[in-house]
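Asks: This structure is in structure tokens; I'll ask about it shortly.
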Amino acid sequence: MEDQILRLGVQAIMSGLATGVETYFAANEFDFVGKVREHAPDVAVLTPANRRLWDVIGQERAARTGPDRTGRAALDGRGARGVAGERPSPRLLLVIEQHQTDDLAGLPADGYLIRQDLSAAGMARALDQLAAGEMAIPVELGRSLIQQAASAAPAKRRGALTARENETLVLLVRGLSNKQIGRRLLISEHGAKRLVSSVLLKLDATNRTSAVVKAIRTGLVDEATLADTAN
């Protein structure tokens, strides 16, 4: 993290978490990439200013995995997909500024913490949510997006979501992968991928984070759903 005060604060919070949480702190950008390669952590914590390092990790994974059937890098909704015998990619937790909450669609991640509200309890809750395969988004942030939706013109959508697509959207809000969505809906992973693609298309969203933000802003996801996700 580029801000020394923030970096020291996060280190203090992480060091004070319950035993069983092993942490590594990077001294600089090169050290970060090296530590991810060496330790294969479950979660990486970054600020938006350094999010490009995440793309470096994803590109490395994609290069090892190779292209998929469409000729593109073999990536899932969160980053590079691991090859056989390789641990899955870490989940990305972004510490954002209050003013950056309006641009979450441009900052795709698996979870968010607002710097001004950063606390040990909030960090522990976010890590628990990520460990459970859910998206970590503070309830306050969800409420803020809902309030923005109330005062903004509704976003244009290409078509109404079907009942199945609405179920898929709720699971997207909770941060589930295609495989997990398939299990919840009792369909194949390929079928879940088609549903996710259809939801993104109808919401005119470029990625999962963008879809979640647009769903909140257009009223497709209510506060009760967000509260359930945060608990």
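The values are calculated or read from the model by the stated rules, or taken from the named source; none is laboratory data. Just so it is clear, the model here is predicted, and its values are computed rather than measured. Heads up, the Cβs are rebuilt from the backbone with ideal geometry, glycines too, and the neighbour counts pull from every protein chain shown. Heads up: the accessible areas ignore ligands, DNA and RNA and are worked out on the full protein's heavy atoms, side chains in. Shrake-Rupley method; radii C 1.70, N 1.55, O 1.52, S 1.80 Å.
Asks: Got a number for residues in segment 7-61 being of a type outside the set (S, T, N, Q), assigned to a helix (DSSP H, G or I) and touching a residue at least 24 places away in the same chain (Cβ under 8 Å)?
Replies: Residues that pass the stated criteria total 14.
Asks: Which helices (runs of 4 or more DSSP H) sit wholly inside segment 117-179 and have at least 1 residues that are at pLDDT 85 or above and open to solvent by less than 50 Å² (accessible area, probe 1.4 Å)?
Replies: 120-131, 163-173
Asks: Looking only at segment 24-47, how many residues end up being open to solvent by 30 Å² or more (accessible area, probe 1.4 Å) and within 18 Å of Asp3 (Cβ to Cβ)?
Replies: Residues that pass the stated criteria total 7.
Asks: Can you name the residue in segment 183-213 that is open to solvent by 60 Å² or more (accessible area, probe 1.4 Å) and under 21 Å from Asp103 (Cβ atoms) and, of all such residues, is modelled with the lowest pLDDT?
Replies: Thr206
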